[in-house]
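The values are calculated or read from the model by the stated rules, or taken from the named source; none is laboratory data. Since the structure is predicted, the reported quantities are computational estimates derived from the model, not experimental observations. Ideal geometry is used to build each Cβ from the backbone, glycine not excepted, and the neighbour counts take in all protein chains shown.
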């Protein structure tokens, strides 16, 4: 009888544990969905608003740069804080403060004179808080579900991220003409507050494990020491160092040749319909989803290091196709042609980016020890993203001097020359010779 009661108690405990895990997953995905969709719509609308009202590539690029600067400045700090402090406070607090801040911006805009600098400030503060939110939530995942549920929570989170990138521009383009800017800011503020409320009820210690401290050096508890560890690890590894060089060049190239010139061409020069612009923007994450699905098959046929070399050379030449309609057509092309042609190019670009990003993350996760992985990932991201605001601002200034098609050609030429120099250098040759572990990707 006693054994039966003990067995029944264990079964009840397991059922309760399973219910909590499912609840954690539901709350996690719900909060992330609301927060991401609100931010995706807001980001699209702000960019479109700046292009339509100012007709300035510089204003558009400056706003994009302000989305990137916090990642560069605060990502390593957020990584250390996520390891040291209560993740629930960081996650819930970031969304709560974001919601209250945007509500304050809404009140300022509706009651006082509007100023573009208010938009720039809101972009910077919102993105800064999002950096701490993202890193803390990523670090919290192992505590939300059992180890067997990590694949599920990561894969479903990726789907939500991709869907927000697809549907955000689409929804933003559809309702752009019906809701004013103040309305979009209020919607985003409410989405952050609802997300914070949902995330408050997550059990962040559901699968809490005792973390063993390694080493006896008291500096291991020092904030600066922990911050430096990520940098040291990357630059001591030849393979990681080469990856960083390539990704820095890719980010500069992609932002210089596409992120500013293409929206400027479509919205300021050709003035296409916002709905069509939203569809073109959404084609990129659709390509990323397909690229991620095909990654495993591609990696079974070619090593990652060789794949990245081939993609970089193809991208340097292929990006020139974005400029061909400007040369071929004397006037604005037909709207259906613009929609089909540029959606296809953005779709193919998304596939290429997925084939570079997804395997790189898996390789890093396998090769870097877990106790330093968060800091390595955050430092890598900061180093790579540091060129983004620089490339955006240079691109916007270059557009003032050159026609859009020449900006694209210049970017393609610079990247092609970089590829030739890098892959013929000793670092590049060693990188190509190293075989990535493909079978376990």
**Request:** For region 217-310, please list each of the helices (runs of 4 or more DSSP H) lying entirely inside it that holds at least 2 residues being touching a residue at least 60 places away in the same chain (Cβ under 8 Å) and within 16 Å of residue 379 (Cβ to Cβ).
**Result:** 223-236, 238-254
**Message:** Among (1) modelled with pLDDT of 75 or more; (2) farther than 19 Å from residue 34 by Cα, there is one condition residue 137 misses while meeting the rest; what is its number?
**Reply:** (2)
**Asked** Looking at region 24-70, which of its residues are closer than 30 Å to residue 205 by Cα and free of Cβ contacts under 8 Å to residues at least 40 places away in the same chain?
**Response** 26
**Prompt:** Among 217, 180, which is modelled with pLDDT of 75 or more and loosely packed, with under 15 Cβ neighbours inside 10 Å?
**Reply:** 180
**Request:** All but one of (1) under 30 Å from residue 136 (Cβ atoms); (2) modelled with pLDDT under 85 hold for residue 307, so report the exception by its number.
**Result:** (1)
**Asked** Do we find a residue being closer than 25 Å to residue 197 by Cα, in the same structural domain as residue 48 (by TED's automatic domain parsing) and not in a helix (DSSP H, G or I) anywhere in region 114-121?
**Response** no
**Request:** Tell me, please, whether a residue that is at pLDDT 80 or above, buried (at least 21 other Cβ atoms within 10 Å of the Cβ), in the same structural domain as residue 51 (by TED's automatic domain parsing) and closer than 25 Å to residue 27 by Cα can be found in region 146-169.
**Result:** yes
